[in-house]
Structures are given as structure tokens and as C-alpha cells.
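A.B. asks: One structure, pasted below without further comment.
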Amino acid sequence: NRQVILKLYVTGYPTVDDMEVVTGTVRLALPPGSTTAILVKNLYLSCDPYMRTRMTRHADDPNFVPDYVPGKVVLSAHPDFKPGDFLWGVTGWEEYSLIPNPVLCNKINHREFPLSYYTGVLGVPGLTAYAGLFEVAKAKKGEYVFVSAAAGAVGQIVGQLAMLTGCYVVGSAGSDEKVNLLKTKFGFDDAFNYKEEADLNAALKRCFPEGIDVYFDNVGGATLDAVLRRMRPRGRVAVCGQVSQYNLERPYGVDLFQLVGKHIRMEGFLVSEYGGEYYRRFEEEMARHLREGKVVCVEDIVEGIDAAPAALVGLFAGRNVGKQVVAIARE
Ligand code: NDP
């Protein structure tokens, strides 16, 4: 059973040397007497920026969450899962996972889509985009919406859902290739490369002469600071992630006084609040959008478990174009 393990806790930017691919053993058997355990063959590993926060020692941080991976049930003592079923859920960065009780696993209902979609558009990033945009930011038709890390797993779905709602949507991303993708493939109204803009305030003024109603924040830092200055009264900020801050020793100081005068509501959220029935509702709606071609997705798939450490490290340099996935088996 090949596994990616963390060798040492990380400070600053992670490197491939912080991780190691080792060969462990797995008993291809369930614990005797268990009525809930399943053995899963993992097919696709998901690379997510929040995994960086788990590479630092936070002994008392309750927000720890393991990785979400689509796989196939090999053995099962659980009444809801049969051998041969496909599922996605919390397993591990390894070929096989023995899960004592699969409470964090969901059966895969739509085999007509590639299984890798359950690491992205039909999994956590898609659900994050949907819940953040509609439950937290409450985006409505006709509003001005800005999303950062817009060509990533979450951002690309946020932008397309906002467009479908009738919003005016602008995204920022870190390369001209990504900006081109936002404008052509995903149909954003406008996009810019934040690394090429000498003045973020000027870029936002150019794209939003009338201001921003909804900011879906994936990055935090200087971008959040500039956006707050450009928000309209009673604007909403869905604080989804702060990827520009995860590797810094000292966080960027954002001017929160901007919230006061303009009655801006800024709210953080965790996708894990939106499981169960809510996920199933989202899954059906997103499956319909995909079938009808109203939402498309871009994935960046690398092959083999040995490629996993570099793929994860690449997220913090923006090397991924779209959802970063590691394929370790096809079925
Ligand atoms: P992405 O696919 O967007 O990958 C990360 C991207 O972040 C990179 O491609 C890069 O794009 C950008 N980035 C990296 N470093 C910086 C930086 N210093 N400044 C600005 N941009 C940077 O990842 P996800 O879509 O999976 O995640 C997006 C955000 O959503 C993250 O902050 C993540 O933590 C958060 N998240 C939150 C959840 C929740 O429950 N609240 C659930 C899932 C994700 P570029 O080339 O554009 O710089």
C-alpha cells in the first residue's frame, strides 16, 4: 500500500522534500466483528490548499479535516456500501484505505461523469462555490461579483454559477493563460492577471466602475484590502479561503475599518456545514448544469502517487490550471 506521508511539520512554503512516498502494508480484510468498516481502493487524490494548514502543528485546532478522495469499495461490513460501489469521501493519500466507519463518505450517484469530478465540480470545491455564493454571500441577479483565484477549483465554479444567476462577474488569476480561460471557456464578463497589475485599486476601478456587491474571497491579503475599498454599501464578502496567507509567518494587515462605513457583511464559512441533504440537492443541480453544458470544468490531472507531493506544492505557486487531481488508479 503506497502512501504519501508528511516527514516533518512545515514552516513557510512546503516543498516536495517535506513529504515522502512510502510502502506500507494493508490487510485486505475487515476487522472481525465490525458492522461498519469498509476497505476502499482510492482512485483519484485531491490536492487542496487547506492541506497546507494540516502540515503545521495545531494541536488544539478543531478545524482539521482530512482529504476527500473518490474510490471503489473492495470489502464492506456496512449495510449502505457494497463491494463495487463508488464513493467519495475522507480516506487518505494512499492506494487502499481501511475506514472503520464511513460517516464522511458519500455514494457516487452519477457515473456518467468522470470520477475525478468528485474531487472538483461535484465534490468539495463545487459545493463550496455553491454554498458560499448562495448561502453566505446571497448573490442576486444584476449584482457585481468579484472572485479571486478564479481559474482554480472553487473559483471557476463560483464565476459560472454567478453568471447563470445573471450577475456581472469578474475574476482575477495569476497568469495570462488563466485569464484567457476565464474569458473564453468560462464566459466571465472580464478578468485580469493580478501579477501584471501595478495597482490593484486601479484594476478594480477599471473592472467595476460602479463598485462590487459580492466578493468571493479565496486569497485574502492585499487583494481583500483593495476589494474592501471598492465595495458598495451593504456588500457581502464570503470568506472562503486566504491562500495568499497560508505560508506566511506574519499575516497581511487588512483594513477592516472599511466594513464600518459601508455596512459590509463579511462572513467566513466551512463547506463541512453543507453536507447531507444539502449536498444531494447541490449534486442534482450541478449534474443538470453539466449535462446541459451550462457549467464546464477544467481539471489538471497528473499521473501516479509519486507525482502527488509536487502537485500539492504547485498549488502555492499557481502551477495548477483548474482543479488539481492525482490519478492513482482508473478503477
Ligand atoms: P485552487 O484550485 O484555486 O488552487 C490554488 C490557487 O491559489 C493557485 O492555483 C493560485 O492561482 C492561487 N494562489 C496561490 N498562491 C497565491 C497567492 N499568494 N496569492 C493569490 N493567489 C494565490 O484551490 P481551491 O479552489 O481548491 O481553493 C481555493 C480557496 O478556497 C482556498 O483558499 C481554499 O483554502 C478555499 N477553500 C475553502 C473551503 C471552505 O470550506 N471554506 C473549502 C475548499 C476550499 P493563481 O495562479 O491565480 O495565483
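The values are calculated or read from the model by the stated rules, or taken from the named source; none is laboratory data. On a predicted model such as this, the values are computed, not experimentally measured, just so you know. Note that each Cβ is placed from the backbone with ideal geometry, even for glycine, and that neighbours are counted across all protein chains shown.
A.B. asks: Considering the range 13-45 alone, what residues qualify as being under 21 Å from the mean Cα position of the chain (by Cα) and assigned to a loop (DSSP other than H, G, I, E, B)?
C.D. replies: Result: TYR13, PRO14, THR15, LEU43.
A.B. asks: LYS195: surrounded by fewer than 24 Cβ atoms within 10 Å (Cβ to Cβ), in contact with a Gly (Cβ under 9 Å, 6 or more places away or on another chain) and among the basic types (Lys, Arg), yes or no?
C.D. replies: For LYS195, the condition - surrounded by fewer than 24 Cβ atoms within 10 Å (Cβ to Cβ), in contact with a Gly (Cβ under 9 Å, 6 or more places away or on another chain) and among the basic types (Lys, Arg) - is met.
A.B. asks: Next question, about the same structure. Of all residues in the range 170-193, how many are within 11 Å of the ligand (Cβ to nearest atom) and among the aromatic types (Phe, Trp, Tyr)?
C.D. replies: 1
A.B. asks: In addition: If I ask for residues that are in contact with a Cys (Cβ under 8 Å, 6 or more places away or on another chain) and crowded, with 24+ Cβ neighbours inside 10 Å, which ones from the range 143-157 would you list?
C.D. replies: Residues satisfying the conditions are TYR144, VAL145, PHE146, VAL154, GLN156, ILE157.
A.B. asks: Can you tell me which residue within the range 204-253, out of those that are within 9 Å of the ligand (Cβ to nearest atom) and among the aliphatic types (A, V, I, L, M), is modelled with the lowest pLDDT?
C.D. replies: The selected residue is LEU248.
A.B. asks: Ok, one more. What residue, of GLY293, GLY314, GLY318, GLY304, is at positive phi and within 16 Å of the ligand (Cβ to nearest atom)?
C.D. replies: Answer to the selection: GLY318.
A.B. asks: Restricting to the range 117-150, count the residues that are out of contact with any Lys or Arg (no Cβ under 8 Å at 6 or more places or on another chain), more than 17 Å from GLY166 (Cβ to Cβ) and part of a helix (DSSP H, G or I).
C.D. replies: Counting residues in the range 117-150 that are out of contact with any Lys or Arg (no Cβ under 8 Å at 6 or more places or on another chain), more than 17 Å from GLY166 (Cβ to Cβ) and part of a helix (DSSP H, G or I) gives 9.
A.B. asks: Would you be able to tell me the number of residues in the range 259-281 that are within 16 Å of the ligand (Cβ to nearest atom) and either touching a strand residue (DSSP E or B) at 6+ places or on another chain (Cβ under 6 Å) or of a type in the set (A, V, I, L, M, F, W, C) (or both)?
C.D. replies: Number satisfying all stated conditions: 5.
A.B. asks: Can you name every residue in the range 6-27 that is within 27 Å of LEU115 (Cβ to Cβ) and either in the same structural domain as GLN245 (by TED's automatic domain parsing) or exposed (fewer than 11 other Cβ atoms within 10 Å of the Cβ) (or both)?
C.D. replies: Matches in the range 6-27: THR23, THR25, ARG27.
A.B. asks: Any residue at all in the range 23-36 that is at pLDDT 95 or above, farther than 24 Å from GLU299 by Cα and in contact with a Ser or Thr (Cβ under 6 Å, 6 or more places away or on another chain)?
C.D. replies: no
A.B. asks: Within the range 216-308, considering only helices (runs of 4 or more DSSP H) that don't extend past its boundaries, which have at least 2 residues that are hydroxyl-bearing (Ser, Thr, Tyr)?
C.D. replies: In the range 216-308, the matching helices (runs of 4 or more DSSP H) lie at 276-291.
A.B. asks: So which residues in the range 204-215 are more than 16 Å from GLY152 (Cβ to Cβ) and assigned to a strand (DSSP E or B), if there are any at all?
C.D. replies: ILE212, ASP213, VAL214
A.B. asks: May I pose another question? The conditions are (1) modelled with pLDDT of 95 or more; (2) more than 9 Å from the ligand (Cβ to nearest atom), and LEU256 fails exactly one of them. Which is it?
C.D. replies: Single failed check for LEU256: (1).
A.B. asks: Report yes if some residue within the range 96-110 is buried (at least 19 other Cβ atoms within 10 Å of the Cβ) and under 22 Å from PRO309 (Cβ atoms); otherwise report no.
C.D. replies: Yes: the range 96-110 contains one or more residues that are buried (at least 19 other Cβ atoms within 10 Å of the Cβ) and under 22 Å from PRO309 (Cβ atoms).
A.B. asks: Out of the residues in the range 151-169 meeting the condition of being under 15 Å from ARG236 (Cα atoms) and assigned to a helix (DSSP H, G or I), tell me which one is farthest from the ligand (Cβ to nearest atom).
C.D. replies: The qualifying residue farthest from the ligand (Cβ to nearest atom) is ALA162.
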